[in-house]
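Have a look at the structure below, then the notes.
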Amino acid sequence: MVVNLFIPSAGLGTRLLPLTADKPKALVEINGKPMIQYLLDKFLDNDFLKIDKIIVNVHHFADLMIDFFGNYDKHKIIISDEREQLLDTGGGLKQALQILKDDKPLLVHNVDIETDFNFPEFLNKKPNDNVLSTLIVSKRETSRYLLFDDEMKLCGWKNIKTGESIIVDEKDDLQSFAYSGIQLVNPKLLPLMSSEKVFPLIPEYLRLANDINFAGFNSNSYFNDLGKL
């Protein structure tokens with residue numbers, strides 16, 4: 001399957017301070033190499049992955065990101081510019097889809113996620129056209145969980161630290177999974193998204209979940225959030 005790739009990179013990186021006091025999180029180096037370069041190299045150096053367009057959103061120290069991509073010779077990078085206003089996770093995805101104007105599935109991979117997930121195996125499966133996003137999840141400890149029924153249909157969200165929750169289907173056997181920061185989005189989602197410019201993504205999915213299928217893909221892979229000290 002040929003896909004486009006969206007790497008959300010516009011966050012302020014506050015959990016990585018002081019490393020992000022003079023650079024965006026995506027350019028924080030790990031063993032001498034910017035975080036985002038590990039991700040780009042993983043996808044572009046893999047003969048079994050077929051990546052067409054790559055789009056990255058920028059906000060925090062955006063000029064440094066644009067300079068970095070100007071010197072990047074492996075693949076042209078499309079910039080989704082959020083310098084004037086951070087669009088949050090939902091607004092950022094919406095703008096990326098609007099810029100791409102493409103019917104290929106969009107693989108969304110947060111810049112700070114390290115994983116050994118088998119992308120070729122996952123992407124070579126025929127997608128279900130009725131599923132507008134497949135969220136990669138796992139059984140691991142976190143403070144915020146996505147809730148799925150026994151068919152892995154998204155039914156809710158909960159924050160176990162604050163007690164907040166959004167439940168759209170009150171089933172007794174909902175299972176809790178940690179979201180990996182990786183998903184495969186069907187571009188048919190775009191016209192259904194909020195008319196607002198700035199909005200978070202998961203509440204938007206749950207707003208639509210009564211009528212639209214958002215699925216979970218349970219993985220036993222290794223996931224590590226590099227965006228915190």
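The values are calculated or read from the model by the stated rules, or taken from the named source; none is laboratory data. What you see is a predicted model; the values in this text were computed from it and never measured. Cβ: placed from backbone, ideal geometry, glycine included. Neighbour counts: every protein chain shown. For accessibility, only protein heavy atoms count, side chains too; no ligands or nucleic acids. Shrake-Rupley method; radii C 1.70, N 1.55, O 1.52, S 1.80 Å.
Things worth noting here:
- Taking 0.36 nm per residue of separation and subtracting the current Cα-Cα distance, fully stretching the chain between Lys126 and Asn220 would add 31.8 nm.
- Accessible-area composition of the chain, carbon plus sulfur, in percent [1.4 Å probe]: 48
- In order along the stretch 118-126, the Karplus-derived 3J(HN,Hα) couplings, from 6.51 cos²θ - 1.76 cosθ + 1.60 at θ = phi - 60°, round to 7, 5, x, 5, 5, 6, 7, 7, 5 Hz, and Gly and Pro are given as x.
- Within the same chain, lysines fewer than 8 places from Lys171 are excluded, and of the rest, those with a Cα less than 23 Å from its Cα are Lys139, Lys153, Lys158, Lys161.
- The alpha carbons of the stretch 163-229 give a radius of gyration and a Dmax of 14.2, 39 Å, in that order.
- Alpha-carbon spread of the stretch 1-86, three principal axes, descending order, Å: 38, 31, 22
- The HN-Hα couplings worked out from phi for the stretch 181-189 by the Karplus form 6.51 cos²θ - 1.76 cosθ + 1.60 (θ = phi - 60°) are x, 10, 8, 10, 9, 7, x, 5, 5 Hz, whole numbers, x standing for Gly and Pro.
- Annotation: per residue accessible area for the stretch 104-203 equals 51 Å², rounded to a whole number [probe 1.4 Å, protein chains only].
- Stokes-Einstein D in µm²/s, Kirkwood radius over Cα pairs - the stretch 28-155 at 37 °C with 0.692 mPa s viscosity: 194
- The value obtained for the chain, namely the Cα convex hull volume divided by the number of residues, is 131 Å³ per residue.
- Added length on full extension, which subtracts the Cα-Cα distance from 0.36 nm per residue, Ser176 to Glu196: 4.3 nm
- A Förster distance of 25 Å, applied to the separation of the beta-carbon atoms of Leu44 and Ile66, puts the FRET efficiency at 0.85.
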